[in-house]
Every structure is written in structure tokens, then in C-alpha cells.
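Heads up, the thing below is written out as C-alpha cells.
The values are calculated or read from the model by the stated rules, or taken from the named source; none is laboratory data. Owing to the predicted nature of the structure, the values given are computational and were not obtained by experimental measurement. Cβ atoms come from the backbone with ideal geometry, glycine included; neighbour counts cover every protein chain shown. Heads up: the accessible areas ignore ligands, DNA and RNA and are worked out on the full protein's heavy atoms, side chains in. Shrake-Rupley method; radii C 1.70, N 1.55, O 1.52, S 1.80 Å.
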Amino acid sequence: KITDALKRIGFDYVFDTVFTADLTIMEEGNEFIERFSKGDTKDMPMFTSCCPGWVRFIKSQYPHLVSRLSSAKSPQQMFGAVMKSYFAKEIGVKPEDMVTVSIMPCVAKKGEANMELFYEEYAGKDVDIVLTTRELNRLIKTAHIDPATLEDVPCDSPMKDGTGAGVIFGTTGGVMEAAIRTVHEIVTGKSMGRLEYEPVRGAEGIKKATLNLNGTEVKVAVASGLKNAQIIMEEIKSGKADYQFVEIMACPGGCVMGG
């Protein structure tokens, strides 16, 4: 229905971010394997990097730990890069003649899209415009579209396929679960069951889990809300924590609560 609304408003192509959530997961999963197999503790734990609110927080509060962030772009920024390279070529359009718009529940995504890091010389910003879900709602109202008339229109090809891993990306723990499943399958050659998190005592919003990778224990943690991020970061800073992979989202509950 969102695709139908956007097509009526005048967008030429509409895609689902699940596609690049899968790319982010694959990149982060492989990067984790690379760091973990080196056994170099100065690069561990590896932190997820898809939440711009969290990235800003670590840069300002714990700058000495920034090198531990995954180098993977967020799904929003990966999509911008893919659209202005691969997709531009596919449809025979110059990247500089494209305008990429993302719709996010998160205001911090506007700041992320404006970072110099994501500015390509040949095509300007990877993502030109970011609208929040509330702004999309206003846009639909402004276009006088009656939601009752919207139909289920599929997203465009070739970037419309996604997995369940990409779908759970926006909830707290979803990024970690998806990445760890990828890691498990790459290392063991077998698919993994559900990752069983257990709440950390006395800290609502922090969960941990232990995974067995061919006889090696991997300890992971998930935190949502910057108050909880601070608790985990202080544990890591003081050397009390022995996690190898940490997912942090600035909003309590994750991106889906960002709106």
C-alpha cells in the first residue's frame, strides 16, 4: 500500500529496505568472522554500526572505542550507494540525474544521510532526501489519497527480494540475530535455530547470549536505549565485559520505536 501511494505521488521506483538490510547483515557477519578469527582483542567486541544515534554517541562519549564499530554502512546508506551505482547502470541513467529518497521511522537518519562520509564525487549524496514515517503520512494526506483506495502493489525489481533476517532488522536484537545466523552458517555450514537471549539482571533493555561456533564460545550482547548503551560501554571500558559482538540501538525497542 505504501508502494501504491508513492507511485501515485510520482516516484518512478519503490524498493524495500529489507534488500539492503540483508546486505548489511552479510557484510557485518563476514567482518565479524574476520576480526574474530584474528583473535586480536583490541578490535573486539565489534559493535554494530547501523544506528546513527548510537554512532554519534560512541564518537562523542567513547572516541577511543570507535575503531570497534563495524565498517558496514546502514541499510539506508547501502541502498543509496547501490541505487547510484548498480541500479543507475541497470536503467541507463546517470547517477547525478537520480534523486534517492528514503522513508525511515528515525529523525537521526536525516543527519546520517548528510554525513560527508556518504558523499560521492560523481553523484552527490548517496541518499538525497530522508522523510520520516510521519512526514510520509503528511505527504499522503497532502496528495489527497484516501488510504482505503490503496492496493497491494509489489516493490520494483531487481531489488525486491529479502529474507526474514532483513525483516527483523529494525527491532532490538534483530540485527544481532540475523548477523549471528549468517556467521553460524558460514562457519559451520548448518543453519541455526533461534538465538536465545537472556535478560541481564537488574538492567532492563540489555540482553546477552552465548553461541557455540564449532566448539568456540561467542558471547554477544544487545542494548537498546542510550542509558543501556552507557552501562554496556562502561563494562567494556573497565574490562568487566567479555563480549565479542555487541548490538546497540539508540531508541528503546529499536528502530521500529524511533517514530
Condition set free of Cβ contacts under 8 Å to residues at least 60 places away in the same chain and out of contact with any Ser or Thr (no Cβ under 9 Å at 6 or more places or on another chain), scope the range 7-34, selection farthest from residue 222 (Cα to Cα): answer is 10
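Could you list, in sequence order, all residues of the range 1-23 that are part of a helix (DSSP H, G or I) and either among the acidic types (Asp, Glu) or under 25 Å from residue 250 (Cβ atoms) (or both)? Lay out the reasoning, then the answer.
Filtering the range 1-23 for residues part of a helix (DSSP H, G or I) gives 2-9, 18-23.
Scanning the range 1-23 gives 2, 4, 18, 19, 20, 21, 22, 23.
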Only one of these conditions is not met by residue 80: (1) out of contact with any Asp or Glu (no Cβ under 6 Å at 6 or more places or on another chain); (2) under 16 Å from residue 50 (Cα atoms); (3) open to solvent by less than 60 Å² (accessible area, probe 1.4 Å). Which number is it? (1)
Modelled with pLDDT of 75 or more, aliphatic (A, V, I, L, M) and open to solvent by less than 90 Å² (accessible area, probe 1.4 Å): does that describe residue 178? yes
Residue in the range 111-132 that is farthest from residue 22 (Cα to Cα), counting only those that are open to solvent by 60 Å² or more (accessible area, probe 1.4 Å) and outside any loop (DSSP other than H, G, I, E, B): 116
Based on what the data block shows, is residue 152 open to solvent by 100 Å² or more (accessible area, probe 1.4 Å) and either of a type in the set (Lys, Arg) or touching a residue at least 24 places away in the same chain (Cβ under 8 Å) (or both)? yes
Which one is modelled with the lowest pLDDT among residues in the range 195-211 that are open to solvent by 30 Å² or more (accessible area, probe 1.4 Å) and under 20 Å from the mean Cα position of the chain (by Cα)? 197
Search result, residues across the range 212-245 that are of a type outside the set (D, E, K, R), assigned to a strand (DSSP E or B) and open to solvent by 20 Å² or more (accessible area, probe 1.4 Å): 212, 216
